[in-house]
Amino acid sequence: MNKFKKLLLLFTLTYQSFLWAECSDEDKNSQIKLADGEIKLDEKTSLGFKSAELKNNETVLTDVEIYTCDKDAVWKFSADEASLKKDKSIQLKKAKVTLFDIPIFWVNEVNYDDKESISVPSLGLTDNEIDISYKFQRKYENSSFVLEPVYTKSKFGASFKYQHKDDDNNYKFTSLALNDDEGSWVYKLIGNSLIGENITFGVNYSDFSGQSLIQNYGYRYLDASRRSLDLRQSINLSYELDNLFMSFGSDDFKQLGIARPVSHRKDYVTSDLFFNIGQFRIDLVTEFAKFKDKSNKIFKLPYSVYDNVERFFTELRASNKYQNNKIKIDTDFLVQIRDYSFKDKTIEGIQKNDFAFRQNFSFREIKGLKLGMIVSSYEDQSEVPILDSYPRMPTPESNISLQPWSGKDRGPNQNKLFIFHSGSISSFNYSVSTNLYEDYNFSEESMIFKKFYEKKPIFFKIQKNFGNFSYFTNGNYSVEKEKFMGLRFGLKYSNQEGLFSLEKNEFAMASFPLAGINNYVLKAKQKFGDITLFTRAQYSQENEIINESVIGGEWFVDCLKLRLSLERARFFPYIDPDNVNLPYMQIINLTNPQVKNNLSFEFELIGLSNILNPVENIIENGLFN
């Protein structure tokens, strides 16, 4: 009751500040003071003070402490003086953060409200070099920015992040620069804007200079994976109205490594018109695109690469669905026209016309079962350039698709009779597909396609949940070879105290021409009281080496969270020019011979500085991803 009276009196003080300007000088000399009180700012935050009084239209508090967790916490956030503003914000003067009664952070003046947060330094070691960073963050109605000075590799730098979102715009800009010998910098802009009623502008653009930055430190600031082959550089303008969609744009990239599955810049104009004729839905796609080769010339890729190519592509698809009380029939007709011309006039232009037909039957009495066939024009396509295309990862669903490739450089080029079944039985989900007859025309193509097609495969995908335990597997089994040609399986157990996950991956990469993957991935965490231990490891079965390992611990005590993490990784795709004599297969496996070691020490003041990346993200993606 006593605390309530003090809070009521403090409210009276604040309310008086709105009327202060109407008071006479004689009235102003009569001030109300309050000693030793507390204000509840929100459900988790309260403010304690030694005294409060009205000064110059503001309520001024002295000897202030802000509690965001527990009053007995090992850290304290305090200030010599605080002012309550009319907009309900609090301005702190001579503020500091103490940890175990030792000051670790000082600031002369700071606003404490829902638009600004207090941060603390982050410490780490990268290749035995110390990393220190500190975040300044500010939020506005539709935007926010973060400025983060950094010290890494014995050099100073700064990171800047800006985000804006309203009804018509959504953008995020991230940048990092270091004062090193290479003038290293990196930035990323991603977002879209609605221009008018039907026009949208989109951008996903990144760039960098200075290899040391992107090699050692840039990924965490770009939200980009160190397993990435490139940074995207794409812009587009799209128009949509009723049954018409048009897009103008450019898809480019900044290459990080040597091998890349799609090696051309693409400038394009695309239109998609769809309408109905009788019982058929018609979809007409046209695209004109210019391609420029940007691949590294050091290695000879297992297919022909052209420097400057123009491609005109037209696709007409007609789809029909028929059903009665016993059967459902889906019918698709597909016509594709590709016309290639080359800047090098010594190369003769190429034109390919492809036709495909698919029809499948499903039955109401046997749910999930599909019987069907695919018939297509059957000719050699090996001379057609590979510009923006690669095989899709084989699944039961892709096996019965008319388009087994991503991109527009390959047609169906297959004849088959297939059977497909999918269903769910008491949390047991599955799909399976095989071909009763199949024939592909890949005789002149690279042998890598044999891993995707033919060999009489049975494609399968299974997932089962048993309470806290789950299991999954997918891949394909070759009846001809009597072995698995691609296989992924894993098991996972999770509860409130911990997680254990083990996966086995063995398959050909869809992002041709990269080599296949054959590895084990372990992810685990376990809570022991106030301590959580976690680990992640990736073991290459083919090379018999641990390519990546993370181990760490997190301690929660008295509103303080401490974390120590160690990472040892070989997954940096940037290839140093001095190492270009590496074997081709090692390059395309993205295995850098220079092992990277990262040691990170971080702490978080619960309720005050929410800066730690969740443990779940670390064991899923790695320490700095």
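The values are calculated or read from the model by the stated rules, or taken from the named source; none is laboratory data. Since we're looking at a predicted model, the values are computed, not measured. With ideal geometry, Cβ positions are generated from the backbone for all residues, glycine too; neighbour counts draw on all protein chains shown. Areas reflect the complete protein model, heavy atoms only, side chains present, ligands, DNA and RNA absent. Shrake-Rupley method; radii C 1.70, N 1.55, O 1.52, S 1.80 Å.
For the residue pairs Lys416/Lys455; Lys254/Lys408; Lys135/Lys523; Lys135/Lys525; Lys188/Lys292, the alpha carbons lie more than 19 Å apart in Lys254/Lys408; Lys135/Lys523; Lys135/Lys525; Lys188/Lys292.
One Cα centroid belongs to the range 47-91, the other to the range 412-441; the line between them spans 67 Å. Each other residue within a Cβ distance under 11 Å of Gly372 adds +1 if Lys or Arg and -1 if Asp or Glu, for a net charge of +1. For Ile327, what is the net charge nearby, where nearby means another residue's Cβ is under 12 Å from its Cβ and Lys, Arg count +1, Asp, Glu -1? Once all neighbours under 12 Å are counted, the net charge is +3. Using the average count of surrounding beta-carbon atoms within 10 Å as a protection proxy, the listed peptides 63-75, 395-407 rank, highest first, as 395-407, 63-75.
Taking only protein heavy atoms and a 1.4 Å probe, the accessible area of the range 277-413 is 55% carbon and sulfur. Here the peptides 77-83, 38-44 are ranked by packing, the mean other Cβ count within 10 Å, and the order with the highest first is 77-83, 38-44.
Once backbone amide H atoms are built at 1.01 Å from N, Phe253 has Gln233 as its partners under 5 Å, excluding neighbours fewer than 5 places away on the same chain.
Work through the residues other than Asp167 whose Cβ is under 15 Å from its Cβ and net out their charges, Lys, Arg +1 and Asp, Glu -1. Net charge around Asp167: -3.
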